[in-house]
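Each remark here refers to the structure printed beneath this line.
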Amino acid sequence: MSIEIRQNLCIGCGRCITVCPGSLIKLKNKTATIPKPERCWGCASCIKECTAEAIALFLGEDMGGLGGKMTVRRENSLLHWTVTKANGTAQTITVNSLDSNKY
Ligand code: SF4
Ligand code: SF4
């Protein structure tokens, strides 16, 4: 499983469903769900689209350690990426999406 949908935070906007290249996310009772999580390849498109910070990406051992998760919070053009390790420590970096094609 590569993502976790935090259904208590989901507002049912459907943005994650639109961007998932594998059509893996479905809306059930106005809440996003991923019926076959084993098919997710962790492209992170859905977590970038979710303005409710309702999707977390599980990180491999090389990217934050086993049990680590990454979430994104959008603030206008700013994306705040937070990595929370299994021991609870967290680090956030902020990227301006308007700069993404500059380099
Ligand atoms: S990480 Fe990519 S493949 Fe996986 S559910 Fe999200 S959009 Fe789909
Ligand atoms: S983008 Fe986020 S809030 Fe919108 S349906 Fe998907 S998980 Fe729910």
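Quick rundown of the values:
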quantity: Residues satisfying the stated conditions in the range 1-13, i.e. surrounded by 13 or more Cβ atoms within 10 Å (Cβ to Cβ) and in a loop (DSSP other than H, G, I, E, B); calculated: SER2, ARG6, GLN7, LEU9, CYS10, ILE11, GLY12, CYS13
quantity: Within the range 24-46, considering residues that are more than 8 Å from ligand 2 (Cβ to nearest atom) and touching a helix residue (DSSP H, G or I) at 6+ places or on another chain (Cβ under 8 Å), the one nearest to SER77 (Cα to Cα); calculated: SER45
quantity: Where ALA54 falls short, out of the listed (1) of a type in the set (A, V, I, L, M, F, W, C); (2) within 9 Å of ligand 1 (Cβ to nearest atom); (3) crowded, with 18+ Cβ neighbours inside 10 Å; calculated: (2)
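Just so you know, all these numbers are worked out from the coordinates, no wet-lab data involved. Here the structure is a predicted model, which is why all the values come from computation and not from measurement. Positions of Cβ are backbone-derived with ideal geometry, glycine not excepted, and every protein chain shown enters the neighbour counts.
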